[in-house]
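Beneath this line is the structure, given in structure tokens, with notes to follow.
The values are calculated or read from the model by the stated rules, or taken from the named source; none is laboratory data. All figures in this text were calculated on a predicted structure; none of them were measured in a lab. Reconstructed Cβ throughout: ideal geometry from the backbone, glycine too, with neighbour counts over all protein chains shown.
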Amino acid sequence: TPDVDWERIRADFPILKLRIDGKPLIYLDNAASNQMPQSVIDRLTRYQTTQHANINRAVHYLSEVATLEFHDARCKLQQFINAREDREVIFTSGTTDSINLVMQGYGRKFIKANDEIILTTLEHHSNIVPWQMLANEKGAKIRVVPINDKGELEVDEYERLFNDRTKFVGLIHVSNALGTISPIKRMIDFAHRYDVPVLIDGAQAAAHMSIDVQALDCDFYAFSAHKLCGPTGVGMLYGKAALLESMQPYKGGGDMIASVTFEETTYSTIPHKFEAGTPPIAAAIGFGAALDYLTAIGLDNIAAYESTLLDYATECLTQIPGVKIIGTASEKTAVISFTIDGIHPHDIGTILNQDGIAVRTGHHCAQPVMQRFNVPATSRASFAFYNNKTEVDALVAGIKTVKKVFL
Ligand code: PMP
């Protein structure tokens, strides 16, 4: 990516100048939450200092400004994922909330006893537990797509799972635990041959590749702002308009109604039907600013740069004796999950932290993935476009220190 000055971009992130115990912060936990550039922080400050009010209800100046800015953020999301209409974008509190909205709004209305829901071994708990709750309530069944030893979905097995009881598919776009990119286009097309709607959990995808929901033809797509250089507390659900209209609301309250009497309530149109109560206005506006920032760099540029980082890090870590990379899919984002023979991941994380290096250790809310690879936990370095090769070298040095301390 010769056209992009990545070191200048890195300088947009004030938190990366922090020192931890005198050592420069090396932030490699981007899959959990990535960081905000100054432009997003400034946008939040501008909203809080000059635009803050509740939306939709009042005729006064500030309320009108906040209402317009909130709507503008929705339109930015619409463009970011290339949705047909802005009303197909619903603000939620995050990916987890988006998936629960689909489970409650679609699942509880349309899924019945003996129906089958297809999920994959790679799913984050947030795309497992809601469907299990539904399956238990309705007497429905969950069928699981296996993965191979590289951590790739076995798509032939997926296709064999379909039958006339299959009523819903939930697919992770990119695995947070391994980085595997799922072949979702092919999987969505196959599900549609059976008229089965597909929900894509895009929490780990949207910051790393461009997303086009019309080209994918997915029925639902979900992600969170805090993994796209935005604030916590807000996320989005895309749904095809006709599907969203057919669904029941998930939360009742103000702002989601057309009229209320004690005898009957009629609901508002989408997206408002799914946005009861005061939404996360400030966070949504910050989300919009984060999308502007990412779009200006270009998601294709980001994908290309991160892929060079992944190749470099993979090469370096592969050369350290005792380090085993879990998840070696041919299509991967810049996530490296690893173990070191004889050392507990928690100890690895603790020692790396002493060198200012932030990685995640644990099961990454993906216990079925850990079970598949027969490990209780891994250490995970997950990269963003503001990381660089110097930081990969620091990780490698940190891992060597870990080995010295424990072996
Ligand atoms: N799905 C995946 C793949 C994730 O990585 C995460 C966040 N770790 C989630 C869902 C849940 O996102 P949130 O906590 O923002 O609701």
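Rundown of residues vs (1) under 30 Å from Ala397 (Cβ atoms); (2) out of contact with any helix residue (DSSP H, G or I) (no Cβ under 7 Å at 6 or more places or on another chain), yes/no style:
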| site | (1), (2) |
| --- | --- |
| Leu291 | no, no |
| Lys324 | yes, yes |
| Ser337 | yes, yes |
| Gln354 | yes, yes |
| Ala358 | yes, yes |
| Cys365 | yes, no |
| Met370 | yes, yes |
| Ala377 | yes, no |
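With the structure loaded, tell me whether His208 is in a helix (DSSP H, G or I) and modelled with pLDDT of 95 or more or whether it fails that test.
no
Test Leu291 against the criterion of being over 30 Å from Gln51 (Cβ atoms) and surrounded by 18 or more Cβ atoms within 10 Å (Cβ to Cβ), and give yes or no.
Considered against the rule, which asks whether it is over 30 Å from Gln51 (Cβ atoms) and surrounded by 18 or more Cβ atoms within 10 Å (Cβ to Cβ), Leu291 comes out as no.
Looking at segment 241-268, which of its residues are among the aliphatic types (A, V, I, L, M) and over 26 Å from Asp219 (Cβ atoms)?
Val260
Out of Asp393, Asp341, I need the residue that is closer than 18 Å to Asn30 by Cα and over 25 Å from the mean Cα position of the chain (by Cα). Which one?
Asp393
So, in segment 191-225, how many residues would count as being touching a strand residue (DSSP E or B) at 6+ places or on another chain (Cβ under 9 Å) and either surrounded by fewer than 24 Cβ atoms within 10 Å (Cβ to Cβ) or within 25 Å of Glu157 (Cβ to Cβ) (or both)?
The number of residues fulfilling the criteria is 23.
With the requirement that a residue be at pLDDT 95 or above and more than 24 Å from the chain's Cα centre (by Cα), what does segment 1-18 give you?
Those that are at pLDDT 95 or above and more than 24 Å from the chain's Cα centre (by Cα): Asp5, Glu7, Arg8, Ala11, Lys17, Leu18.
Let's see how each residue does on (1) at pLDDT 95 or above; (2) touching a Ser or Thr at 6+ places or on another chain (Cβ under 6 Å); (3) surrounded by 22 or more Cβ atoms within 10 Å (Cβ to Cβ):
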position: Ile325; (1), (2), (3): yes, no, no
position: Leu352; (1), (2), (3): yes, no, yes
position: Phe373; (1), (2), (3): yes, no, no
position: Arg380; (1), (2), (3): yes, yes, yes
position: Phe383; (1), (2), (3): yes, no, yes
position: Ala394; (1), (2), (3): yes, no, no
position: Thr401; (1), (2), (3): yes, no, no
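Residue-wise test of (1) under 23 Å from Tyr238 (Cβ atoms); (2) among the hydroxyl-bearing types (Ser, Thr, Tyr).
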position: Phe13; (1), (2): no, no
position: Leu18; (1), (2): no, no
position: Arg43; (1), (2): yes, no
position: His52; (1), (2): no, no
position: Asn56; (1), (2): yes, no
position: Ile81; (1), (2): yes, no
position: Arg87; (1), (2): yes, no
position: Ser93; (1), (2): yes, yes
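Would you confirm, using the coordinates I've provided, whether Cys218 is closer than 28 Å to Ala377 by Cβ and within 16 Å of the ligand (Cβ to nearest atom)?
It is false that Cys218 is closer than 28 Å to Ala377 by Cβ and within 16 Å of the ligand (Cβ to nearest atom).
How many residues are among the charged types (D, E, K, R), over 17 Å from the mean Cα position of the chain (by Cα) and within 18 Å of Val145 (Cβ to Cβ) when one looks only at segment 167-224?
Result for segment 167-224: 5.
Would you pick out the residues in segment 155-190 that are surrounded by fewer than 18 Cβ atoms within 10 Å (Cβ to Cβ) and either within 16 Å of the ligand (Cβ to nearest atom) or within 24 Å of Ser210 (Cα to Cα) (or both)?
Val155, Pro183, Lys185, Arg186, Asp189, Phe190
Considering only segment 23-75, state which residues are surrounded by 15 or more Cβ atoms within 10 Å (Cβ to Cβ), outside any helix (DSSP H, G or I) and of a type in the set (D, E, K, R).
Asp29
Which members of segment 230-277 meet the condition of being among the β-branched types (Val, Ile, Thr), within 16 Å of the ligand (Cβ to nearest atom) and surrounded by 18 or more Cβ atoms within 10 Å (Cβ to Cβ)?
Residue satisfying the conditions is Val234 alone.
Answer yes or no: is there a residue in segment 93-109 that is part of a loop (DSSP other than H, G, I, E, B) and within 16 Å of the ligand (Cβ to nearest atom).
Checked against the condition, which is being part of a loop (DSSP other than H, G, I, E, B) and within 16 Å of the ligand (Cβ to nearest atom), segment 93-109 yields at least one hit.
Return yes or no: is Gly252 assigned to a helix (DSSP H, G or I) and either under 24 Å from Val102 (Cα atoms) or more than 24 Å from the chain's Cα centre (by Cα) (or both)?
No, not satisfied.
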